[in-house]
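Nothing in this text is a laboratory measurement; each read-out follows from the coordinates by a stated rule. Owing to the predicted nature of the structure, the values given are computational and were not obtained by experimental measurement. Ideal geometry is used to build each Cβ from the backbone, glycine not excepted, and the neighbour counts take in all protein chains shown.
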Amino acid sequence: MPWLKLLHMGAVIVWCGALLYLPWMLASAAVPATSASPALPRRWPRQVYIGLATPAALLAIAAGTLIFALQGPLAPWLMFKLAFVGLLVLGHGACGLLVLRTERGELGGLRQASRFILVLLVACLLAVAWLVLRKPA
């Protein structure tokens with residue numbers, strides 16, 4: 001069982017790291033390139049989203065579900081945690097929509113949307129961390 005928890009925590013760390021990095025990448029795609037700050041290639045956000053964030057999310061959710069199935073009891077703190085994880089999944093999907101907008105060249109309002117999603121993701125991540133650290137023994 002410890003290996004499953006380690007797998008879950010590792011996947012969560014990779015997923016959350018990618019989710020925090022993606023809005024920054026997308027916001028920087030909306031800024032015109034200068035000689036001081038060259039533009040990121042437009043394929044990078046998709047590669048981070050498809051190649052890193054999504055597999056880590058699927059692995060984290062699958063491992064977390066397996067831990068829950070093996071350990072059993074449904075506690076109130078877990079229901080709150082799962083609600084915030086659901087919001088993280090929605091944020092993940094919103095990042096995917098912004099990746100599509102970036103690829104289509106629809107850069108209007110992209111920086112504001114990226115900031116909003118980043119604030120939502122940080123709030124959800126802090127709530128999940130607080131709930132996990134405060135869970136009853």
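Gain in length, Tyr21 to Ile67, computed as 0.36 nm per residue apart minus the alpha-carbon separation, to one decimal in nm?
13.8 nm
As a test of the formula, what do you get for the chain when each DSSP H run with n ≥ 4 contributes -39,500 (n - 2.57) and the sum is divided by the residue count, at 222 nm and rounded to the nearest 500 deg cm²/dmol?
Computed mean residue ellipticity for the chain: -27000 deg cm²/dmol.
Would you mind getting me the FRET efficiency between Arg43 and Met9? Use the beta-carbon distance for r and R0 = 41 Å, nearest 0.05.
Plugging the Cβ-Cβ distance into 1/(1 + (r/R0)^6) gives 0.85.
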